[in-house]
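See structure below.
The values are calculated or read from the model by the stated rules, or taken from the named source; none is laboratory data. Quick caveat, the model's predicted, so the values are computed rather than measured. We place every Cβ from the backbone using ideal geometry, glycine too, and count neighbours over all the protein chains shown.
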Amino acid sequence: MYAKFNVSRDTANTFIGLLVNRRAYSIQAQQPLPNGKVPYYLARDWRTKEPKLLDADAVRMHLNGDITINLYAINPETQRSKWVAIDGDFDGAVEALFRLQWELKQDGVEAAIEQSRRGGHLWIFAATPLLASECRIYICNVALRLGVPVVGGGLKQGIEVFPKQDRLEDGEYGNAIRAPLGVHRKTNQRYWFYEASPAPEAQLSYLDGLKKLTEEELRNFIQGMELPEAYRPPAPAPYVSTRSTFNQAEFRILNFVKTTRKDSRNWWARCPSCSQIGKDRSGDNLSIQIKDPRYYKCWAGCTKEEIRAALGQPIRSKQTA
């Protein structure tokens, strides 16, 4: 069982100064789903259903062990991030992270390694928020220099670099990562940084004392560089229907629902079936795959038959949902 703490507001504000670049956040479920996953849900105000803003009270709850939060890397107003986090959870990941840490140190960049359930996270903190695109160019070129694989460009195993996007459009959140020093609900354990005592105050004091990467330094490092071709995500292929033009028009759920947000993989919308029985007040139970909108799923468990029936578009025999 994990240790419980009672951190001060000053400790929470130190955490915010280091790590909070965008005030939208997600909260991890307290219990796993039947499939064993413990998902995160966008934190919303229960009255207005608008995204909640991360504050010192929520951070204190995270550090104390009452909730677990996810942080979004990119502030869409500036396309900048306060930190870079490198996630490794493959065989040999910890060794790769220590190699990256050593290589970064040769550039004068101090990075901290956080333990994790299957590997570790390597964190770099910025003196002022840095352009996400420039952070990604730097880290991916360091990884290429060392031969460390990066997820993307067709690779499914390797390190993941946060921020994962160069920029965000309106309504996008990008990818989030579990905030340090909290409790992982799947294991009910905390995962600490290696170089400090296992308590929030000591851990944050260690992180606060690290040398921070400046924009001038970053731009000197990446002068003449671009994101390596091998690590660029493949452009999504547009979906082309294979139905005959003589057949009835193909059902597209995006013609029947209004999306509320999107991330790198999915549109999110209110589930019509949930809505019929007064559920899904937050309006994001239904995910719709961006690259192929034929694929959609209600995360509250509604079936496709129930969703289609709620829309007045029942699935007919011999018809693809």
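Points to keep in mind about this one:
- Test: residue in segment 119-134 that is within 17 Å of LEU19 (Cα to Cα) and without any contact (Cβ under 8 Å) to a residue 40 or more places away in the chain: yes
- Of the residues making up segment 180-220, those that are of a type in the set (Asp, Glu) and outside any helix (DSSP H, G or I) number 1.
- One residue stands out among those in segment 7-37 that are among the aliphatic types (A, V, I, L, M), closer than 25 Å to ARG261 by Cα and part of a loop (DSSP other than H, G, I, E, B): the one that is modelled with the highest pLDDT, which is VAL20.
- Residue within segment 84-105 that is part of a loop (DSSP other than H, G, I, E, B), touching a strand residue (DSSP E or B) at 6+ places or on another chain (Cβ under 7 Å) and within 30 Å of ASN141 (Cα to Cα) present: no
- Listed by first and then second residue, the pairs linking a residue in segment 264-279 that is free of Cβ contacts under 8 Å to residues at least 24 places away in the same chain to a residue that is part of a loop (DSSP other than H, G, I, E, B), with Cβ atoms under 6 Å apart and 6 or more places separating them unless they lie on different chains, are TRP268/ASP284; ALA269/VAL257; ARG270/ASP280; ARG270/GLY283.
- Of the residues making up segment 168-185, those that are at pLDDT below 90 and either polar (S, T, N, Q) or in contact with a Pro (Cβ under 8 Å, 6 or more places away or on another chain) (or both) are LEU168, GLU169, ASP170, GLU172, GLY174, ASN175.
- Summed over segment 50-69, the residues that are assigned to a helix (DSSP H, G or I) and either β-branched (Val, Ile, Thr) or outside the structural domain of ALA202 (by TED's automatic domain parsing) (or both) give a count of 1.
- Scanning segment 229-255 for residues that are outside any helix (DSSP H, G or I) and either under 22 Å from the mean Cα position of the chain (by Cα) or at pLDDT 90 or above (or both) gives ARG232, PRO233, PRO234, ALA235, PRO236.
- Counting the residues of segment 87-101 that are surrounded by 19 or more Cβ atoms within 10 Å (Cβ to Cβ) and more than 22 Å from ARG178 (Cβ to Cβ) gives 0.
- Selection count where residues are surrounded by fewer than 18 Cβ atoms within 10 Å (Cβ to Cβ) and more than 20 Å from the chain's Cα centre (by Cα), scope segment 276-298: 9
- Close pairs (6 angstrom Cβ cut-off, 6 or more residues apart or separate chains): in the same structural domain as PRO163 (by TED's automatic domain parsing) in segment 22-49, β-branched (Val, Ile, Thr) and part of a loop (DSSP other than H, G, I, E, B) anywhere: ILE27/ILE67; GLN28/VAL38; GLN28/THR68; ALA29/VAL38; PRO32/VAL38
- Note on segment 102-128: residues that are within 18 Å of the chain's Cα centre (by Cα) and surrounded by 14 or more Cβ atoms within 10 Å (Cβ to Cβ) total 10.
- Any hit, segment 1-11, residues being outside the structural domain of LYS186 (by TED's automatic domain parsing), exposed (fewer than 13 other Cβ atoms within 10 Å of the Cβ) and either closer than 20 Å to ASN175 by Cα or of a type in the set (Gly, Ala, Ser) (or both): yes
- Boolean, GLU110 is touching a residue at least 24 places away in the same chain (Cβ under 8 Å) and not polar (S, T, N, Q): yes
- Looking only at residues of segment 146-176 that are of a type in the set (Asp, Glu) and exposed (fewer than 12 other Cβ atoms within 10 Å of the Cβ), we find that the one that is nearest to HIS121 (Cα to Cα) is GLU169.
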